[in-house]
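Coordinate-derived values only; no laboratory data. If you're wondering where the values come from, they're calculated on a predicted model, not measured in any experiment. Please note: Cβ atoms are built from the backbone with ideal geometry, for glycine as well, and neighbour counts cover all protein chains shown.
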Amino acid sequence: MNILIIGAGHLGLEIAHQLHERHEIHILDLLPSKVAPYSTLFHTYIGNGTNPSDLNQTKIQTMELVFVLTSHDETNLMISSICKLDYNIPMVVARINDPQHAWLFTPVMGVDYGINQALILTHELLKELAYLATP
Amino acid sequence: MKIVIFGCGRSGKGLFLTLFKQNHDVSIIDDDESNLLPLQSYQQVFFNSYLVESLWDTLRIHECDAIIACTKSDEMNAIIARAAKTMYHVPKTIAFIQHPDKVHLYEHLGVQTISTTDWGIKRAIHMLSYNHLQTLYTLGDNELQILRIPVLNDWVHQTIDAFEHNEPFTIIAIERKNHTFIPLQGTILEEQDILYIIIEDCNRQRIETFIKES
């Protein structure tokens, strides 16, 4: 499966490493220094995810799954809208940086699944605390 | 009309004051408290992050007739306008966009935009290219323009019909001796008349050529 990851931070690179043995991984980031070290492992591109010409260089039309993982929620929402409405990507997964913005990450805004990091971490912590509290 | 403005920069503040004077039910929000200081005497001023759902409920966005997004970020403006339109069904949503290249993209996503940079460039080019025409007002995204033109010597003693049948503009008013009126068919132009015409932007070059040739 062709998978595009937009945003080569820790989360993007971890997903890429976990999936690259079974899938074709493409990574797009604004900063060359972020993607350059991984050019032998993945298909890497430099550019802005809100810019259609930068997206076109990744052959985005061929992607079955796009992860939108920048550190700005409004950017993630805009890229998701473009992926869904302009390129009809079957599955768009977007990172939610601020939990207060989670209500916007819906299919209407182009997001099939929102990764709410703060919520996931909180659930895991509470589960762990409950385990520790159990005698 | 109930209107909410996102972003209290120069444009947002000016819009707020103008709409408030026109007795609209207008509110403004900014995520930087210092931007709101000039408007602190008004009640409908909110300091908050833009994309917080409880704020949108407090502002009763679902009851709005219009929202205007003019924050510093093009992406933020586009997302605010898109969310208001698709999730809250606000009839009129406008996003200010500084980057002219993004306008078509955002409009394709259903966001009505005002490109402040593009508009400024067009105005400057018009002012440089021909100073006889003065744009008084624009409608839509600069698509229609109301212009003020002093009558040219060649036009004096002609009826307005002669222009309107052959040229792509309409004379909507004439200012003559401190009196302004709507011209009728057969109205004859006089020396020192000031004409107010409405044209489509795509025809502006043709008007300029027409006036130069006249």
> Using the alpha-carbon atoms, what tilt in degrees (0 to 90, nearest 10) does helix A:10-19 show relative to the longest principal axis of chain A?
Replying inline: 80
>> For the stretch A:66-130, what does the convex hull of the Cα positions come to per residue, in cubic angstrom?
In response: 80
> Semi-axes of the equivalent ellipsoid of the protein assembly as shown: what are they in whole Å, largest first, if each equals the square root of 5 times a C-alpha gyration tensor eigenvalue?
Replying inline: 51, 26, 15
>> Ignoring solvent entirely, what values of log10 I(q)/I(0) come out of the Debye formula for the stretch A:25-135 at 0.10, 0.16, 0.17 Å⁻¹ when each Cα is a single scatterer?
In response: -0.35, -0.75, -0.82
> How far is it, in nm, from the label point at residue B:180 to the one at residue B:112 when both lie 7 Å from their Cα along the line to the Cβ?
Replying inline: 2.5
>> With the cut-off at 32 Å, tell me which of the pairs A:84/B:21; B:13/B:102; A:34/B:92; B:92/B:212; B:13/B:85 have Cα atoms farther apart than that.
In response: A:84/B:21; A:34/B:92; B:92/B:212
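FRET efficiency for residue A:36 and residue A:127, Cβ-Cβ distance as r, R0 = 41 Å, nearest 0.05? Don't skip to the answer; put the middle values down first.
On the way: r = 38 Å, r/R0 = 0.93.
So, using R0 = 41 Å, E works out to roughly 0.60.
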> What percentages, rounded to whole numbers, describe P(r) for the stretch B:66-113 computed over all alpha carbon pairs with 5 Å bin width beginning at zero?
Replying inline: 5, 29, 37, 21, 7, 1
> Under the Kirkwood approximation applied to all pairs of distinct alpha-carbon atoms, what is the hydrodynamic radius of the stretch B:1-71 in Å?
Replying inline: 11.9
> Nearest 10 degrees, 0 to 90: what angle lies between the long axis of helix A:117-133 and the longest principal axis of chain A (Cα atoms)?
Replying inline: 30
> Over the C-alpha atoms of the stretch A:1-49, what are the Rg and the largest Cα-to-Cα span, Dmax, in Å?
Replying inline: 9.5, 26
>> List the residues, sorted by chain then number, that are 5 or more residues from residue A:115 or on another chain and whose placed amide H is less than 5 Å from its amide H.
In response: A:94, A:95, A:96
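Suppose only helical runs count, i.e. DSSP H with n ≥ 4. What mean residue ellipticity at 222 nm does that imply for the protein assembly as shown under -39500 (n - 2.57) per run, divided by all residues and rounded to the nearest 500 deg cm²/dmol?
Calculated at 222 nm, the ellipticity per residue is -9000 deg cm²/dmol.
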> Considering every residue in B:79-91, what mean count of other chain Cβ atoms within 10 Å of its Cβ is obtained?
Replying inline: 3
> Of all DSSP beta bridges located in the protein assembly as shown, what percent are antiparallel, nearest 5?
Replying inline: 35
>> What do you get for the angle between helix B:116-129 and the principal long axis of chain B? Use alpha-carbon atoms, 0 to 90 degrees, nearest ten.
In response: 20
>> Apply the a/c threshold of 1.5 to the C-alpha gyration tensor of the stretch B:1-146 and tell me whether it is rounded, prolate or oblate.
In response: prolate
> Cα gyration tensor of the stretch A:31-75, axes a ≥ b ≥ c as square roots of the eigenvalues: rounded (a/c below 1.5), prolate (a/b > b/c) or oblate?
Replying inline: oblate
>> From the phi angles alone, apply the Karplus equation (6.51, -1.76, 1.60; θ = phi - 60°) to the stretch A:90-98 and give each ³J(HN,Hα) in whole Hz, x where the residue is Gly or Pro.
In response: x, 9, 10, 10, 10, 7, 9, 7, 10
